[in-house]
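Asker: One structure, pasted below without further comment.
Just so you know, all these numbers are worked out from the coordinates, no wet-lab data involved. Since this is a predicted model, take the numbers as computed values, not measurements. Note that each Cβ is placed from the backbone with ideal geometry, even for glycine, and that neighbours are counted across all protein chains shown.
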């Protein structure tokens, strides 16, 4: 028996030793493989005009893929290759597993030449930029990207928002300065509004309360049953931000108010107002009892059954079914007992981390010229709409006016087979001229609703800043506990399991758990961002 | 069945409880199956609202129609069949000889090899080193990345080894040797034909494993044309959840795309589940007799 044990020990020792040696051996070649930053292909690149390269080159691209069609077969990609002389090998991953794969790629050192629609987080940019995995782009932008340079020069706050604390730009954003919604707003069921003869939609929380009460009692769907659910939500995640605005709060976790003071939302007085209101809806049976247990799917099926009066979604017909129609009005942010309300937290206008170049890329100059094309009007049209003649054609090319070309079947699905820009956040800029002549009545309706109802109260809750590595770490440590606590307490307050008289004890507990420290850290980052003006 | 001895009162109580318990177990096992079948032919509206809970409601075959016209699902199907067949063949090719060799008492170094095998059960390379290894072997984005790294399952080798040890008597080996049989011939002509039950069991274990696996496909494959069925299935099912769980600012276009996908997913998900599990369920009865046989061998022969 003892002999056996000893034998085992020896086997184990050796196998561990081997594994350690193997690990050492494999790490050395990968470090020596790194290419020099300066590139020998510089002479191959034309600084202006097309093609970009004289000798065709092939690069590898890793992208998030909605899985509608093989990218190599897409007309947009083929057109780009013809135009620029740059071909891509794709190492795509589907939406659901992209993040796993991205982490693996970063951890293993097996980098693609470029990341497209990668949604790099601010932490990844700071970390892998600092390690030299991601190439600093600012010099390349100055030299090879006239379109991007122009945008950044005209909008200094964009440059500020994509420059990491070490002064470098590691990724390019998607820019959409006309974006309003941070997330889907809230909507009224138009049929109910009509049935109850509401010629004016509610403007204060009290008016909304009265309306919801009427929905419950007056059977607006006319089926003779009291099956109306005045207000439904999926765990409040979909409505929280919109509703918090009624009590003067711009963001769900953190926001800067008009005096440049950063606040941690769950300890604000307005947050208490939000909880009190929801608690009242809950007690009076105006809020879906399944709010905290249902899935999005279940909520939508209630909408299709014509049971909901107000809800949140990107477009009301996603929930209610049927075709887009302007009868279902957008909710107007409501005035509450808090002064300075309502407010609306607006989309920051850009999404960071959409495009990056890694140190394994042998032709960063050519790559920069390639991506710069996407920030021009022609590039945006190509990538967002596909080549001319398939979905659209020009009626007045000089003024960029277009008309739609009819296609069989669903237009969006057809578009998804033409261009990679479907279902993912792609690098580029949303240019008003791109859709000129193609806007539907429903698009116009949305623009009008945004201008009338949201924009007067809108402000970006918190700018896109970069935290340092230490700050990121501290925040994630604090928030891992706090987020759970806050979420639990929110539900308990709403359903009345925790009486609102315990509010002070709750705020004390949050302070103990570091709520104020979170404010401090974000305040510091915010001040840094402001100073960079 | 009438029994010779009259049952006592206690026996009858026992029987009653026994049947009740079995009935309960049956319901628990059967309910999810019936639910999925019903859900696959019901209107998704009733399914998600919970109105459909046992029998189909608002019968529609739209889900199946979508599945049958979806080329991605069929490509995935084809890939899965290829991966499962080739993979299982490779598994058996590796497992059977290894298990047999380790079952032989006259195999020199048996303890050492067994020990080395066992180490791999407890210590793995981890995700990133495994990925680097597979990459350096040039297997990324090929089917071999799904087959070779897991070719030998130590657990299955041990099971098969135990089978050989307990069913192939040493005398058989000696008798064959006296007649001038070589080891290879002994294995091919005598041991394997006597081991059909364990081969069937191993084939089923490995086969189902390949059929259900998606993780290595997710890690190693880069091209949708190579994805196995489970990967496609996962995309359909997971996407439906993603729409509602998005955090941070969202663009209209992305939301639109996800909503479209969620609608399709609601329609097809149960149909896809049925289509993808059917083959495994269909194969099972044919292999089951080997399971029974395998259990009997040890107990009856005595």
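Asker: What percentages make up the Cα-Cα pair-distance distribution of the stretch A:109-174 when the bins are 10 Å wide from 0?
Answerer: Pair shares across the bins are 20, 55, 24, 2.
Asker: Nearest-5 percent of antiparallel DSSP beta bridges in the protein assembly as shown?
Answerer: 55
Asker: Hey, for a label at residue A:154 modelled as a point 7 Å past Cα toward Cβ, could you say which residues of the stretch A:170-185 have their backbone N under 14 Å away?
Answerer: In the stretch A:170-185, the label zone of residue A:154 (backbone N under 14 Å from the point 7 Å along Cα→Cβ) covers A:175-178.
Asker: Follow-up. Please rank A:168, B:177, A:347, fewest neighbouring Cβ atoms within 10 Å first, as an exposure proxy.
Answerer: Placing the least packed residue first, the sequence is B:177, A:168, A:347.
Asker: In degrees from 0 to 90, rounded to the nearest 10, what is the angle of the helix B:196-212 Cα long axis to the longest principal axis of chain B?
Answerer: The angle comes out at about 30 degrees.
Asker: If you don't mind, another one. Can you give the translational diffusion coefficient of chain B in µm²/s, computed by Stokes-Einstein from the Kirkwood radius over Cα pairs at 4 °C and 1.567 mPa s?
Answerer: On the way: Rh = 23.6 Å.
The Stokes-Einstein estimate is 55 µm²/s.
Asker: What list of whole percents do you get for P(r) of the stretch B:121-186, with Cα-Cα distances grouped in 5 Å bins up to the one holding the largest distance?
Answerer: 4, 13, 14, 14, 12, 10, 10, 10, 9, 5, 0
Asker: In square nanometres and to one decimal, what's the mean projected area of the convex hull around the Cα atoms of the stretch A:407-533?
Answerer: Average projection, Cα convex hull of the stretch A:407-533: 14.0 nm².
Asker: Follow-up question, since we're still on this one. Restricting to Cα pairs below 8 Å that are 6+ residues apart, what does the relative contact order work out to for the stretch A:108-245? Please round to a whole percent.
Answerer: Normalised by residue count, the contact order of the stretch A:108-245 is 16 percent.
Asker: Note the angle between two axes, namely the Cα long axis of helix A:98-108 and the longest principal axis of the Cα atoms of chain A, as a number of degrees from 0 to 90, rounded to the nearest 10.
Answerer: Approximately 30 degrees, to the nearest 10.
Asker: Calculate the all-directions average of the projected area of the protein assembly as shown's alpha-carbon convex hull, and give it in nm².
Answerer: 48.3
Asker: Quick check on the exposure proxy: order B:29, B:47 from fewest to most C-beta atoms within 10 angstrom.
Answerer: Values: B:29 9, B:47 25.
So the ranking, lowest neighbour count to highest, is B:29, B:47.
Asker: I would also like to ask the following. Between residue A:47 and residue A:447, what is the label-to-label distance in nm when each label sits 7 Å out along the Cα-to-Cβ direction?
Answerer: Using points 7 Å along Cα→Cβ, the separation is 3.9 nm.
Asker: Give the dimensionless ratio obtained when the Cα radius of gyration of the stretch A:234-325 is divided by 2.2 N^0.38 Å.
Answerer: In units of the globular-protein estimate, the stretch A:234-325 measures up at 1.23.
Asker: Still on this structure, I have one more. Can you tell me the Rg and the Dmax, both Å, for the Cα atoms in the stretch A:341-460?
Answerer: Rg and Dmax of the stretch A:341-460, Cα atoms, are 17.4, 54 Å.
Asker: Explain nothing, just the number: relative contact order of chain A, from Cα pairs under 8 Å at least 6 residues apart, as a whole percent.
Answerer: Relative contact order for chain A comes out at 23 percent.
Asker: As a test of the definition: which semi-axes, in Å, follow for the stretch A:295-372 when you take the square root of five times each eigenvalue of its alpha carbon gyration tensor? Largest first, please.
Answerer: After scaling each eigenvalue by five and taking roots: 41, 22, 12 Å.
Asker: Per DSSP helix of 4 or more residues, -39500 (n - 2.57); summed, then divided by the residues of chain A. What does that give at 222 nm, rounded to the nearest 500?
Answerer: Helix contribution divided over all residues of chain A: -13000 deg cm²/dmol.
Asker: Compute the FRET efficiency between residue A:123 and residue B:280 as 1/(1 + (r/R0)^6), taking r as their Cβ-Cβ distance and R0 = 51 Å, and round to the nearest 0.05.
Answerer: Once rounded, the FRET efficiency stands at 0.75.
Asker: Got a sec? How would A:171, A:43 order by Cβ neighbour count within 10 Å, fewest to most?
Answerer: Details: A:171 25, A:43 9.
Fewest-to-most ranking of A:171, A:43: A:43, A:171.
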